[in-house]
1. Which of the residues that make up the range 34-49 are of a type outside the set (Gly, Ala, Ser) and surrounded by fewer than 14 Cβ atoms within 10 Å (Cβ to Cβ)?
2. If you check 52, 59, which single one turns out to be within 30 Å of residue 117 (Cβ to Cβ), in contact with an Asp or Glu (Cβ under 9 Å, 6 or more places away or on another chain), surrounded by 16 or more Cβ atoms within 10 Å (Cβ to Cβ) and modelled with pLDDT of 90 or more?
3. So, in the range 67-95, exactly how many residues are free of Cβ contacts under 8 Å to residues at least 24 places away in the same chain and more than 14 Å from the chain's Cα centre (by Cα)?
4. So residue 64 passes all but one of these: (1) part of a helix (DSSP H, G or I); (2) more than 13 Å from the chain's Cα centre (by Cα); (3) free of Cβ contacts under 8 Å to residues at least 40 places away in the same chain. Which condition number does it fail?
Amino acid sequence: MDALAAPAEYRQAASTAFLRSHRRFLSFAAIGVASTLRYIALYSAIRPALGAPAANAVALLATALANTAANRRLTFEVRGRAGLARDHAAGLMALLVALGITSASLAALDFAHPRSGAVLELGVLVAANAVATLVRFILLRGAIGRSSHFQERAATTLATLLRLERIHR
């Protein structure tokens, strides 16, 4: 390969990485929307019987396992049992963070507007879940991103960059 071809190869590698990253973000967002819709439906169904704090905890717990499994498979393209416990431990950490954020949001809402309606309560919970989703992405990317699948991709990218460096010398 000559030196003139190297920039095109580098651009192709960068473009592929960008598209993979963009697809990963879209997948995570779609799973997040689906999980939030399931959370809202479950929360709304059980809130009258359990009250807001318990309904929040139950709805988060019920959707967390499926969310982590879907992100593991679809967003991060990890299959098999390797790293499964580590990945779900990260999902559990994300659940605890989400529970803290949503519980604090419910408490703040109750303090600021003690007689708020269901629509406002759901709006606050959706906003709190959006913040928790950012934390979930960071935790899952950190845990699942260390899987051998991504180590292989990193090695391939590194090999390409080293090849390009040798060409430019």
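1. Hits for the range 34-49 are 37, 48.
2. Numbers: 59 fails: in contact with an Asp or Glu (Cβ under 9 Å, 6 or more places away or on another chain).
Of the residues listed, the single one that is within 30 Å of residue 117 (Cβ to Cβ), in contact with an Asp or Glu (Cβ under 9 Å, 6 or more places away or on another chain), surrounded by 16 or more Cβ atoms within 10 Å (Cβ to Cβ) and modelled with pLDDT of 90 or more is 52.
3. So in the range 67-95, the residues free of Cβ contacts under 8 Å to residues at least 24 places away in the same chain come out as 69, 73, 79-81, 84-85, 88.
When the remaining residues are screened for being more than 14 Å from the chain's Cα centre (by Cα), the result is 79-81, 84-85.
Summing the residues that are free of Cβ contacts under 8 Å to residues at least 24 places away in the same chain and more than 14 Å from the chain's Cα centre (by Cα) in the range 67-95 gives 5.
4. Condition not satisfied by residue 64: (2).
Residue-by-condition table, conditions (1) of a type in the set (A, V, I, L, M, F, W, C); (2) at pLDDT below 95; (3) touching a Lys or Arg at 6+ places or on another chain (Cβ under 6 Å):
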position	(1), (2), (3)
48	no, no, no
64	yes, yes, no
72	no, yes, no
76	yes, yes, no
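The values are calculated or read from the model by the stated rules, or taken from the named source; none is laboratory data. Keep in mind it's a predicted model, so treat the numbers as computed, not measured. Please note: Cβ atoms are built from the backbone with ideal geometry, for glycine as well, and neighbour counts cover all protein chains shown.
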